[in-house]
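Engineer: One structure is given below, represented as structure tokens, and several questions about it will come after.
The values are calculated or read from the model by the stated rules, or taken from the named source; none is laboratory data. Just so it is clear, the structure is predicted and the values come from calculations on it, not from any experiment. Cβ coordinates were reconstructed from backbone atoms using ideal geometry, including for glycine residues, and neighbour counts include every protein chain displayed.
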Amino acid sequence: MAKSQNTAQPSWAALLDLDADTYARLRYAGRSATDMVAVGQAWDTVPAGWEALAVAPLARGLAALDCLGLPLDGGFPVIADHGRCELIVLVEEGAPGPLAELQGVRVLRSGTSFLLVPFGEVGGYHAAWLSRPTSGRARYVDPSALRDAVLAAEAERAEHARAC
């Protein structure tokens with residue numbers, strides 16, 4: 001008899017709650033785990049020419065990524081700031097316009113902002129990789145699709161609240 005395989009994809013929302021070991025590893029990571037980088041500059045495996053979107057709260061951003069159906073291991077540069085409870089999504093420079101109007105979304109533009117970024121495999125508590133970019137080429141999230149996903153996730157949450 002063949003074993004049944006669990007075909008359920010892991011969700012981004014499952015990354016919201018840290019287990020005790022992960023919390024301790026991120027919280028007490030050394031100073032070399034993160035660094036401040038000018039938005040748009042190359043670092044680690046991310047090339048120059050990017051901007052960032054900070055989506056608050058973190059759960060809202062993770063729900064939007066689930067609505068988008070992005071794979072966790074797809075090479076999209078996605079960072080969690082557990083201290084500020086924000087999701088940081090990197091996008092191509094000049095692209096984040098559609099999200100600037102959404103409440104709870106900050107656009108970090110090239111040449112005007114700095115971002116605390118993770119170095120190494122994981123990073124630290126205020127800048128932890130949820131999805132690392134692939135070496136040599138970052139796969140950016142489409143800001144228009146992310147905006148639609150944020151709105152869809154909010155509509156789903158509101159519908160669920162009405163049903164309860």
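Engineer: Applying the selection to region 99-115, what residues are within 23 Å of ALA13 (Cβ to Cβ) and surrounded by fewer than 23 Cβ atoms within 10 Å (Cβ to Cβ)? Walk me through it before giving the result.
Structural biologist: Going residue by residue through region 99-115, those that are within 23 Å of ALA13 (Cβ to Cβ) are 99, 102-106.
Within region 99-115, LEU99, LEU102, GLN103, GLY104, ARG106 meet the criteria.
Engineer: Can you work out which of the residues in region 40-82 that are under 21 Å from LEU116 (Cβ atoms) and among the charged types (D, E, K, R) is modelled with the lowest pLDDT?
Structural biologist: Checked region 40-82; the qualifying residue modelled with the lowest pLDDT is ASP44.
Engineer: Still on this model: Hey, can you tell me all the residues within region 26-54 that are of a type outside the set (Phe, Trp, Tyr), within 16 Å of ARG132 (Cβ to Cβ) and touching a residue at least 40 places away in the same chain (Cβ under 8 Å)?
Structural biologist: Within region 26-54, the first condition is being of a type outside the set (Phe, Trp, Tyr), and the residues that meet it are 26-27, 29-42, 44-49, 51-54.
Narrowing further to those that are within 16 Å of ARG132 (Cβ to Cβ): 26, 29, 33-35, 37, 42, 44-47, 52.
Correct list: LEU26, ALA29, ALA33, THR34, ASP35, VAL37, ASP44, THR45, VAL46, PRO47, ALA52.
Engineer: Only one of LEU70, LEU116 is assigned to a strand (DSSP E or B) and either within 14 Å of the chain's Cα centre (by Cα) or without any contact (Cβ under 8 Å) to a residue 24 or more places away in the chain (or both). Can you tell me which?
Structural biologist: Details: LEU70 fails: assigned to a strand (DSSP E or B).
The unique qualifying residue is LEU116.
Engineer: So which residues in region 113-138 are more than 20 Å from ASP35 (Cβ to Cβ) and either in contact with a Leu (Cβ under 9 Å, 6 or more places away or on another chain) or not charged (D, E, K, R) (or both)?
Structural biologist: Filtering region 113-138 down to residues more than 20 Å from ASP35 (Cβ to Cβ) leaves 134, 136-137.
Passing the criteria: THR134, GLY136.
Engineer: Identify the single condition in (1) closer than 18 Å to ALA14 by Cα; (2) of a type in the set (Lys, Arg); (3) in contact with a Leu (Cβ under 6 Å, 6 or more places away or on another chain) that ARG147 does not satisfy, given that it satisfies every other one.
Structural biologist: (1)
Engineer: Confirm whether ARG139 is in contact (Cβ under 8 Å) with a residue 12 or more places away in the chain and surrounded by 20 or more Cβ atoms within 10 Å (Cβ to Cβ).
Structural biologist: Numbers: in contact (Cβ under 8 Å) with a residue 12 or more places away in the chain: yes; surrounded by 20 or more Cβ atoms within 10 Å (Cβ to Cβ): no.
The answer is no for ARG139.
Engineer: Let me ask you something else. Would you pick out the residues in region 106-164 that are aromatic (Phe, Trp, Tyr) and under 20 Å from LEU58 (Cα atoms)?
Structural biologist: Step one: of region 106-164, the residues aromatic (Phe, Trp, Tyr) are 114, 119, 125, 129, 140.
Within region 106-164, PHE114, TYR125, TRP129, TYR140 qualify.
Engineer: Would you please name the residue that is surrounded by the fewest Cβ atoms within 10 Å (Cβ to Cβ), looking only at residues in region 44-59 that are more than 10 Å from the chain's Cα centre (by Cα) and in a strand (DSSP E or B)?
Structural biologist: To start, the set of residues in region 44-59 that are more than 10 Å from the chain's Cα centre (by Cα) comprises 44-51, 56-57, 59.
Now narrow it down to the ones that are in a strand (DSSP E or B): 46, 50-51.
On the way: VAL46: 18, TRP50: 23, GLU51: 24.
Once the filter is applied, the top-ranked residue is VAL46.
Engineer: Related question: With the condition kept exactly as written, say whether any residue in region 29-38 is more than 18 Å from the chain's Cα centre (by Cα), modelled with pLDDT under 90 and not in a loop (DSSP other than H, G, I, E, B).
Structural biologist: yes
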